[in-house]
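Where a number appears in this text, it was derived from the coordinates with a stated rule and is not lab data. Values in this document were obtained by computation on a predicted structure and should not be read as measured data. In this analysis, Cβ positions are derived from the backbone assuming ideal geometry, glycine residues included, and neighbour counts consider all displayed protein chains.
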Amino acid sequence: MSSSTAAPALPAAAGTSEPRASLWQVFLEFLVIGATSFGGVVPYLRNNLVVKRQWLDDKEFVEMLSISQSLPGLNATNMAVQVGEKLHGLLGSVVAVIGMCLPGGVLMYAAGIFYRLHGNHPWSTAALKGVAAAAVGLILATVVGLSKKSLASNYDFIFMAATVLAVNRFHWSVLRALVVIGIFAVLFHYPRKTKKVSATE
Amino acid sequence: MNQIPALIRVFSYLSLLTVGGGMAAFPEMKVLTVEVHKWLTFSQLIHLYSVGQMAPGPNMMMIVSIGQWAGGLPGAIVTVIAFFGPTALLAYIVTKTWKKLQKWPWRNSIEKGLAPVSIGLLLAGCFSMAKGAITGLETATIAVVTLLILLHYKINPALLVVGGAVVGLLTYLPK
């Protein structure tokens, strides 16, 4: 509130956590992103937060995105938490997440009721078969994209295949696969000082 | 029967499994919502998930529909809080401690190690869903064509899901 003369769009000096947006502005911006981000939130987040509002720069954005991806939780809400925190602390995180979830939530609330009433109509079942098949293709595309980006060695493909087999073939719970194979994979990538690979079996 | 406590339990647990994306939790979501609690059928789960891909915002907002079916408006609200609360809290804590974590040598190991496992979980979720969604040559074709288009062209994925609906109507509508 007691900020001195307005200094708009100054490049963020690292370390200062002075809020540059009001709580209401943060909520509104995430509400807009939550209502318009059809087909995946990441490009909309970047466009609205980096390009339009300049609340963060590209480097910060990429860094936050990589944190989002290695934590449990969806990119959309993990990004909202981080950006909200940067702009307005704990309350900023809270209003950003609410804004992000509200439009899609209201839409799916209505869609769920509509589906329950009319889901058995021949038109619905015909359309839904196509929709579900397209959704499978969409997830596969996500898997391919992520693999290209973050699978480095052949060993990584073994960890990936082991996870798929554990869940699909041996009916492990997702939690068990995540913990057991996750620990193996993390230990495999243990912090090395040099690039020398010694057999540790 | 009051389903609210069960909704909170199930969705806060599923929340922590969404490493890499919402789809990672799908096999577990199927077991808990379809087989254990019988809030909906497998094909309804597939349909809601798929319809959810056309909605803006986080791509798992279809959980709202499950919460609504099981417990009305209160059910929907507690489901959202249970599903996004735990991971949001974790993200908040990590954000606050990020500077310290940056110097921790294992941080990189965790990032590198979890990447293949989380991609594996997404793929496992995809296969689990495909068992119900890919029922013949027509649906397999729709999935493969969607995949190929997404790999080769920059197009909004939501549009392709709408396209899937149109192809579904043309293919399966009784004449």
Problem set entry | √(5λ) per eigenvalue of the Cα gyration tensor, chain B, largest first, Å | 30, 24, 14
For this session: On each of the three principal axes of the Cα atoms of the range B:134-175, give max minus min coordinate, whole Å, ordered largest first.
Result: 35, 17, 11
Problem set entry | the range A:71-97-the range A:103-177 distance, computed between alpha-carbon centres (Å) | 25
Problem set entry | Kyte-Doolittle at least -0.5, axis length at least 30 Å by Cα - qualifying DSSP helices, chain B | B:63-102, B:105-133
Exercise. Which value at 222 nm does chain A reach when only helices count, each DSSP H run of 4 or more adding -39,500 (n - 2.57), with the total divided by all residues and rounded to the nearest 500 deg cm²/dmol?
Worked result: -22000 deg cm²/dmol
Exercise. So how far apart, in nm, are the two label points at A:W123 and A:D58 if each is 7 Å from Cα heading toward Cβ?
Worked result: 4.6
Exercise. Using 7 Å Cα-to-Cβ label points, what is the B:L148/B:F42 separation (nm, one decimal)?
Worked result: 2.9
Seminar exercise, completed: For B:V19, the residues 5 or more places away or on another chain with a placed amide H closer than 5 Å to its own amide H are A:G73
Exercise. Among residues other than B:A133 whose Cβ falls under 15 Å from its Cβ, what is the net charge (Lys/Arg +1, Asp/Glu -1)?
Worked result: +2
Exercise. When the label point is put 7 Å from the Cα of B:E111 along its Cα-to-beta-carbon vector, which residues of the range A:49-63 have a backbone N closer than 20 Å?
Worked result: A:56-63
Problem set entry | C-alpha center-to-center spacing [the range B:145-171, the range A:29-66] in angstrom | 24
Seminar exercise, completed: Along the dipole axis of the protein assembly as shown (charges at Cβ: +1 for Lys and Arg, -1 for Asp and Glu; origin at the Cα centre), the most positive-end residue among B:G72, B:V31, A:I113 is B:V31
Exercise. Can you give the FRET efficiency for B:L101 and A:F114, using 1/(1 + (r/R0)^6), R0 = 45 Å, r = Cβ-Cβ distance, to the nearest 0.05?
Worked result: 0.50
Exercise. So if R0 is 41 Å, what FRET efficiency would A:L65 and B:L173 give, r being the distance between their Cβ atoms, rounded to the nearest 0.05?
Worked result: 0.50
Exercise. Hey, what does the equivalent ellipsoid look like for the protein assembly as shown, semi-axes from the Cα gyration tensor as sqrt of 5 times each eigenvalue, largest first, whole Å?
Worked result: 33, 27, 20
Seminar exercise, completed: For A:V51, the net charge from surrounding residues (Cβ-Cβ under 15 Å; K, R +1; D, E -1) works out to 0
Seminar exercise, completed: A student applying the Cα gyration tensor rule (rounded when a/c is under 1.5; otherwise prolate if a/b is larger than b/c, oblate if not) would label the range A:26-102 rounded
Exercise. In nm, to one decimal, how far is the A:W24 label point from the A:R169 one, both placed 7 Å along Cα→Cβ?
Worked result: 5.9
Problem set entry | Alpha carbon convex hull of the range A:139-192, volume per residue in cubic angstrom | 87
Problem set entry | Peptide A:154-165 - average C-beta neighbours from other chains (10 Å radius) | 5
